[in-house]
Amino acid sequence: MTQLEMAQPEMTQPDRAQEPVLTVRNLSLDFHLRTHILHAVREVSFDLYPGKTLCLVGESGSGKSVTARALLRLIDAQAKVSGGEITLHGPKGPLHLHALASNSREIRAVRGGRIGLIFQEPMSSLSPVRTIGTQIVEALLLHRKMTKAEAKAETVNLLRQVEIAQPEHMADRYTFEFSGGMRQRAMIAMALACDPDILIADEPTTALDVTTQAEIMDLIARLQAERGMAMLMITHDLGLVAEVADHVAVMRWGKIVEQGPVDDIFHSAQHPYTKALLAATVRLDTAVKRIAPNRAGQPLLQARGLTKGFGATNWRGKKTYEIKAVDDVSLDLWPGENLGIVGESGSGKTTLGRMLLRIVEPSEGSILWHGDEGAEEVTQMQRPDLARYRSAVRLVFQDPFASLNPRMTVKQVIADPLVVAGGMSDAALDTRVAELLELVGLEQSAMERYPHAFSGGQRQRISIARALALNPRVIIADEATSALDVSIRAQVLDLLLDLQKRLDLSFIFIAHDISVVRYFCDRVAVMHQGRIVETGPAEQVCTAPAEPYTQSLISAVPNPDPRDRRMLHRTRFNA
Amino acid sequence: MWGYFLKRILLMVPTMFGISVISFFIIQLPPGDYLTSLLASMADSGQTVDPAELARMRATYGLDDPMALQYFKWISGIVLRGDFGYSFEWGRPVSELIWDRMGATLSVSMAALVFVWAVSLPIGIYSAVRRHSIGDHVATFFGFLGLAIPNFILALTLMYISYKYFGQSVGGLFSPEYVGADWSWGRVWDLMKHLWIPVIVIGTSGTAALIRILRANLTDELSKPYVVTARAKGLSEYKVIMRYPVRIALNPFVSAIGWVLPQLISGVTITAIVLNLPTAGPLLLRALVSQDMYLAGSFILLMGVLTLIGMLVSDLLLALLDPRIRFT
């Protein structure tokens with residue numbers, strides 16, 4: 001049966017499909033840095049076929065982005081192509097891109113004309129001072145013989161193809177009037193304006209929500225099928241790879257360690273690194289579930305009817321408008337429990353987390369804290385009590401690069417809460433910091449170094465050590481693992497679970513990544529437009545959600561198994 | 001856009017009121033008034049004044065009225081009749097003295113601004129795009145030289161050069177034969193021959209500053225993703241740079257309109273004195289020294305108004321240039 005399926009396309013495909021449209025042979029790239037030469041890419045070879053998708057997978061720093069940009073000769077001045085061949089095949093014979101000067105007329109005809117590029121930052125990849133329309137018209141005028149009026153009409157047509165509503169109006173809008181997903185659509189329209197043979201998509205959906213990601217991938221897949229384009233997609237998300245790839249190349253340290261058809265890579269990987277990468281991804285889905293703690297007793301933290309409205313008032317103090325970022329949210333957290341809060345960006349989950357700590361003052365509602373001194377109302381707390389509450393409930397942030405002061409040593413960073421609390425001698429501080437570092441699995445020698453000396457995962461460990469300094473009962477982790485690579489992500493999650501056992505912690509885990517939540521949490525609350533739409537045991541919410549919104553959210557999550565593609569057959573939610 | 005424009009105009013009214021109050025009280029701040037300083041200088045030269053005459057002058061000029069009344073008389077004269085008061089020192093109405101000077105000030109400012117733009121835009125772009133190249137280092141060197149040399153020394157040097165090598169009459173804006181003459185092509189040419197020295201002297205430090213600002217801004221913009229997008233479209237490098245990052249890095253250029261004027265008046269008074277320019281700065285200084293309060297007050301007020309207008313123009317241009325400002 002499988003063989004029959006495999007054989008079928010070969011018979012029906014025209015000959016063209018057998019010929020690669022782009023071949024890369026032994027490509028090497030060097031970065032000439034001030035002190036040394038960095039071999040960013042070494043001896044990379046791959047082919048792109050019409051209508052097929054090749055996914056380049058790897059962790060940050062593996063050289064995948066620079067490889068893709070080298071195809072367009074769009075690399076920084078300090079990077080040099082030190083060897084290898086890039087050949088673009090077409091009706092007019094092969095074109096050797098590696099031999100062209102990086103600003104020659106020939107390569108400029110290829111850019112946008114035969115190879116389109118879209119990339120990660122939908123917020124900043126279009127100029128904010130020119131309308132979307134003019135930026136697309138520009139691309140059309142460059143490569144297609146058109147008058148301005150024709151180009152304008154074609155732009156509207158393209159915007160319609162990428163499913164932007166009211167394209168006539170939207171063409172005259174600026175990027176900051178577009179949402180992230182819409183910008184990425186506009187970007188796709190621009191990249192495809194001149195009907196290129198190849199589309200390079202460099203992490204096209206990383207900055208987007210799962211549902212938006214699914215829509216964008218739908219769109220790309222449809223356009224690719226219509227036009228028979230080859231696609232080179234770069235991503236670190238193996239789930240997404242399984243959903244869209246035909247072929248996969250795994251990169252590490254500038255080399256392709258393994259490549260092959262997607263099914264081979266996922267089901268019979270040869271290289272240990274590929275296996276490790278897959279294990280880190282798949283493990284979160286299939287791991288043994290935690291045993292939920294007993295919820296019979298008194299909850300540790302009870303929130304009732306929490307609401308936060310942002311808005312403006314006119315000069316008489318009357319409200320002109322109000323947006324409810326969080327709307328009537330109630331939740332309970334029991335001792336030793338991990339509560340996950342999931343939702344799209346803008347659903348109010350971060351605001352909720354900050355309100356629980358009263359960093360953001362709630363507009364309405366109550367927060368009841370059952371600490372060592374009995375039940376206390378957090379919203380009524382004054383200074384000394386509030387400080388005590390905040391030492392028991394700590395926050396860990398998303399971005400380990402921005403949340404540590406670069407001018408403080410690790411010791412100063414971790415000891416900071418202790419210094420603020422006061423009453424410890426220098427020697428005692430030293431011992432405590434050493435203890436905390438050991439707790440999060442870092443060497444004591446880290447104490448005197450500065451945060452820039454550490455990798456993302458290590459920095460997140462430092463953040464965790466800082467949160468643990470005052471022996472908290474609850475840690476609110478706001479997207480604490482989102483900025484980390486898959487393999488590091490799993491390590492940090494395990495560290496948190498281990499700490500929970502040893503220190504009797506409870507977590508409120510705010511995330512948009514469903515697989516992480518499923519692995520880590522006992523219960524999950526799903527937020528949508530400021531409200532909690534569903535709460536339940538993690539396993540149930542993630543596998544058999546009851547509410548339509550949750551169903552659409554869960555079905556949009558890429559499944560890291562190419563034999564069970566579910567993202568493109570997802571449930572849609574319209575509200 | 002129109003709403004934005006109207007809002008800015010309306011906001012200018014209270015600001016102008018504030019400026020007028022402040023300028024009036026500033027000139028009232030030094031102890032005594034014009035008559036006491038007149039008395040002092042007459043006593044120095046051994047003359048005496050009849051106390052009755054003094055009292056009569058005080059009454060005419062209303063120097064004994066309460067401050068608020070004096071302010072009211074002054075400002076209502078300006079607003080209702082265009083009457084800026086009477087200069088004690090020159091014995092002429094202020095309005096006769098002031099417009100010539102303001103005209104000269106404005107033309108020197110504009111010329112300096114155009115010079116600053118014309119020089120710093122290409123150099124700034126070159127410096128940013130070819131960062132750390134020899135050309136960039138040379139531009140940086142001269143930029144810092146321009147920032148570091150005091151304006152009056154540059155003025156003296158240029159005057160010396162133009163006198164010694166070009167045989168030109170130096171100082172002022174016109175040669176003696178054209179001062180007070182009617183406008184003719186000869187007079188315009190004469191103005192051009194004189195204008196270059198103050199324009200270079202006044203413009204140099206501004207040029208250096210703008211080059212640095214443009215270089216820093218453009219360097220930030222050059223590494224933004226939208227520049228890669230523009231390149232990936234297949235635009236030529238020149239068009240990529242001019243249409244995308246430069247367009248955004250231009251904002252400080254437009255803002256320069258707002259600050260060039262006040263800087264010219266307060267910052268380059270010494271230069272104006274050295275070069276004997278008929279601009280507002282030297283006259284304002286003399287008026288302040290001799291407590292010629294209506295003249296000084298009118299100058300300060302007009303400078304304030306011109307600065308406000310400069311700011312308004314630069315804000316409106318910025319809004320035209322950058323839609324993000326227009327929409328927020």
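Of all residues in segment A:222-234, how many are open to solvent by less than 40 Å² (accessible area, probe 1.4 Å) and out of contact with any strand residue (DSSP E or B) (no Cβ under 6 Å at 6 or more places or on another chain)?
Residues of segment A:222-234 open to solvent by less than 40 Å² (accessible area, probe 1.4 Å): A:223-224, A:228-234.
Then keep just the ones that are out of contact with any strand residue (DSSP E or B) (no Cβ under 6 Å at 6 or more places or on another chain); that gives A:223, A:228.
Number satisfying all stated conditions: 2.
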Review point. Taking interchain pairs and intrachain pairs at least six residues apart, which have beta carbon atoms under 7 angstrom, with the first residue in segment B:214-241 and within 11 Å of chain A (Cβ to nearest Cβ) and closer than 14 Å to residue A:121 by Cβ and the second hydrophobic (A, V, I, L, M, F, W, C) and not in a helix (DSSP H, G or I)?
Key: B:225/A:119; B:226/A:126; B:228/A:74; B:229/A:126; B:232/A:72; B:232/A:74; B:232/A:117
Study note, to complete from the structure: Those residues of segment B:213-225 that are assigned to a helix (DSSP H, G or I) and either basic (Lys, Arg) or open to solvent by 10 Å² or more (accessible area, probe 1.4 Å) (or both) come to a total of 9
Exercise for review: Name, by its number, the condition in (1) open to solvent by 10 Å² or more (accessible area, probe 1.4 Å); (2) in contact with a Ser or Thr (Cβ under 7 Å, 6 or more places away or on another chain); (3) farther than 25 Å from residue A:306 by Cα that does not hold for residue A:556.
Suggested key: (1)
Practice item. Determine which member of the set B:212, B:231 is at pLDDT 85 or above and in contact with a strand residue (DSSP E or B) (Cβ under 9 Å, 6 or more places away or on another chain). Key: B:231
Review point. In this structure, does residue A:120 turn out to be at the interface with another protein chain (Cβ under 9 Å from one of its Cβ atoms), in contact (Cβ under 8 Å) with a residue 24 or more places away in the chain, of a type outside the set (Lys, Arg) and touching a Leu at 6+ places or on another chain (Cβ under 7 Å)?
Key: no
Check your understanding: Tell me, which residue of segment A:194-207 that is under 26 Å from residue A:276 (Cα atoms) and of a type in the set (A, V, I, L, M, F, W, C) is surrounded by the fewest Cβ atoms within 10 Å (Cβ to Cβ)?
Key -> A:207
Practice item. For residue B:287, work out the one condition from (1) open to solvent by less than 10 Å² (accessible area, probe 1.4 Å); (2) without any contact (Cβ under 8 Å) to a residue 40 or more places away in the chain it doesn't fulfil. Key: (2)
Check your understanding: Within segment A:199-207, can one find any residue that is of a type in the set (Asp, Glu) and touching a His at 6+ places or on another chain (Cβ under 9 Å)?
Key -> yes
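If a residue has to be touching a Phe, Trp or Tyr at 6+ places or on another chain (Cβ under 9 Å) and either open to solvent by 10 Å² or more (accessible area, probe 1.4 Å) or more than 7 Å from every other protein chain (Cβ to nearest Cβ) (or both) to count, how many in segment A:127-145 make the cut?
Looking only at segment A:127-145, we keep the residues that are touching a Phe, Trp or Tyr at 6+ places or on another chain (Cβ under 9 Å), and these are A:127-132, A:135.
Now narrow it down to the ones that are either open to solvent by 10 Å² or more (accessible area, probe 1.4 Å) or more than 7 Å from every other protein chain (Cβ to nearest Cβ) (or both): A:128, A:130-132, A:135.
Of the residues in that region, 5 qualify.
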Exercise for review: Keeping to segment A:349-377, report how many residues are among the hydrophobic types (A, V, I, L, M, F, W, C) and at pLDDT below 85.
Suggested key: 1
Practice item. Kindly indicate the residue of segment B:242-262 that is assigned to a helix (DSSP H, G or I) and facing another protein chain (nearest Cβ under 7 Å) and also least open to solvent (accessible area, probe 1.4 Å) among those meeting that condition. Key: B:248
Check your understanding: How do the pairs read when you match residues in segment A:45-72 that are within 14 Å of chain B (Cβ to nearest Cβ) with residues anywhere that are of a type outside the set (A, V, I, L, M), using Cβ under 6 Å and keeping only pairs 6 or more apart or on different chains?
Key -> A:65/A:202; A:68/A:202; A:72/A:111
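Just to confirm my filter: which helices (runs of 4 or more DSSP H) fall fully inside segment A:431-550 and include at least 3 residues that are aliphatic (A, V, I, L, M) and touching a residue at least 60 places away in the same chain (Cβ under 8 Å)? Don't jump to the end; show me each part of the working.
Working: elements: A:456-468, A:486-503, A:514-520, A:538-543.
By residue number, A:456-468, A:486-503, A:514-520.
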Revision key, fill the gap. If you go through A:531, A:518, the only one that is surrounded by fewer than 21 Cβ atoms within 10 Å (Cβ to Cβ), of a type outside the set (S, T, N, Q) and over 30 Å from residue A:225 (Cβ atoms) is A:531
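The values are calculated or read from the model by the stated rules, or taken from the named source; none is laboratory data. None of the values given here were measured: they were computed from a predicted structure. Methodologically, a virtual Cβ is constructed for each residue, glycine included, from the backbone with ideal geometry; neighbour enumeration extends over all protein chains shown. Heavy atoms of the whole protein, side chains included, go into the accessibility calculation; ligands, DNA and RNA do not. Shrake-Rupley method; radii C 1.70, N 1.55, O 1.52, S 1.80 Å.
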